[in-house]
Amino acid sequence: MLEKTVTSTSINSPREQLYQALYQCRLGTLNLFDGMDEVTFCTQFHPDFSPIGWHLGHIALTEAYWLLEYTAGLPPLFPEYKELFRVDGSPKAERGKLPSIAAVRTYLETVREQVWRYLERAPIDQQERLWRFVLQHECQHTETIALGLHLQQQHQRKTSPIFTPVFSATNLSDDMVQISAGAFFQGSDLITALDNEQPRHRVELDTYWIDRYPVTCGQYRQFMEAGGYQNSQWWSAAGWQWLQQASNPHPILKPCYWLGDEQFANYPVCGVSWYEAEAYCNFMGKRLPTEAEWEKAASWVSNTQTQRTYSWGETQPSRSYCNCAIPETFRVRDYQTRTTPVDARPQGASAYGVQDLLGNVWEWTQSRFQGYPGFQAYPYPGYSQTYFDPEHRVLKGGSWATRSWAMRNSFRNWYQPQVRQVLAGFRGARSESQDYQRMTPRQMYLRAKIRGVGLNGLLTN
């Protein structure tokens, strides 16, 4: 990959900051493809996601269009690739007919060579927001690439973790933090903020409680032990209908990325749909937090009435504060379980003491994905506005595969409620007036037994 000769007068200038970020981000992107074979490059590992190699070409196409064609006025590079790598081009199922890895990397590097040349003379004071958008666009697609590789590894495993009922409590208590009533500012007006994060606006919230940690495997196990996947009373009508349809021909009895061993009791549950998260919260006498509740718990400092960019403050994300992708060394195969215990980084806690808010797993909220008051699409309506509908739900926080440039308290991700392949978990919340009674795992088991839910052998695959 061609490196740019640094000629900026200040290493702290926006121009130099962009160079460093683009360079480090690209190192991590290319690391994902080290040693990859052509079959893996072209394979679609799930119908909802494009083949891994398509994302690499799409990164090049997007960078070329916005930075070279749209802003610099240069002619298109490799016009023969335009239809193939456009997001509204060929259907996902047909995107596996790709050029070779070498050809796509040549496309990527040729585009970047011209981007480096243009960066030397580009009016960054006028264009910085667009350059930041392109950087974050690459981050989002590398996370999807990492997800595809993670799915591939799941498919290649010869056996699934066995779920065996265990009645020992987890090491973490079911601790909730009270967030007092009052106003806070939601969203962001920073130059890095994407259109759906803007504008920053005042929101009033009543007092509520939110889980100190994301729901762990040990806690979610209690839902499974009590027959949570067999009992319709915990599910909404839409959720139960989804579960019945998705369980044909193979029953869904556990999260997509289930870690069944007791040693993973304090790891966040990962690979659940919004419907599964909702059902667990109903089972526990809780609910999912709204995105405003989640964001206030993550960003607001009540005693100074100020807003933090990250839960811990303004220091850039790193492994000291959260479980996120290290830019230069981002390789999916280097991860073992990928997630880490939810209490592993207390230094990343918010001012309220809520932990593990950024990184590790995305967190479902109950909120539908809509524009904030005064929303203005940028750089085009199709980026966010197309998804403002009753179906898409907001996720907050980021995952172990999220790059630091696309991670902050105000960042919003969105998926439909039936999707469970994303690196998503959740945490519970409840209103101050909401009835809540904590039960022990043994009580849950006995309740399930009384109801006639069969447990022996039912939850072992």
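Kindly express, to the nearest 10 degrees and within the range 0 to 90, the angle between helix 237-246's C-alpha long axis and the longest C-alpha principal axis of the chain. Result, in degrees: 70. Dividing the summed -39500 (n - 2.57) terms of all DSSP H runs of n ≥ 4 by the residue count of the chain sets its mean residue ellipticity at 222 nm at -9500 deg cm²/dmol. For the range 176-450, count all C-alpha to C-alpha pairs, find those more than 31 Å apart, and express that count as a whole percent of the total. When every Cα pair of the range 176-450 is considered, 24 percent fall beyond 31 Å. Fewest-first ordering of SER384, SER50 by other beta carbons within 10 Å of each residue's beta carbon gives SER384, SER50.
In order along the range 255-266, the phi-based Karplus estimate (6.51 cos²θ - 1.76 cosθ + 1.60, θ = phi - 60°) of 3J(HN,Hα) comes to x, 4, 10, 6, 10, x, 6, 4, 5, 9, 4, 9 Hz; Gly and Pro are listed as x. Residue order for TYR81, TYR70, fewest other beta carbons within 10 angstrom first, comes to TYR70, TYR81.
If you average the alpha carbon positions of the range 381-408 and of the range 51-124, how far apart do those two centres end up, in angstrom? If you average the Cα positions of each part, the centres end up 22 Å apart. Angle of helix 14-31 to the longest C-alpha principal axis of the chain, folded into 0 to 90 degrees and rounded to 10: 60°. Per-peptide packing, taken as the mean over residues of other Cβ atoms within 10 Å, places 373-379, 52-58, 310-316 in the sequence 52-58, 310-316, 373-379 from highest down.
For the range 44-81, GluC sites (Glu not before Pro) are listed when DSSP marks them as loop and at most 10 other Cβ atoms sit within 10 Å of their Cβ; the list is empty. Compute the acute angle (0 to 90°) between the alpha-carbon long axis of helix 101-121 and the principal axis of greatest extent of the alpha-carbon atoms of the chain; round to the nearest 10°. It is inclined by approximately 70 degrees.
Neighbour counts of C-beta atoms inside 10 Å place TYR23, TYR213 in the sequence TYR23, TYR213, starting with the fewest.
With the highest mean first, a sort of the peptides 395-404, 190-199 on other beta-carbon atoms found within 10 angstrom per residue produces 395-404, 190-199.
Just so you know, all these numbers are worked out from the coordinates, no wet-lab data involved. Keep in mind it's a predicted model, so treat the numbers as computed, not measured. With ideal geometry, Cβ positions are generated from the backbone for all residues, glycine too; neighbour counts draw on all protein chains shown.
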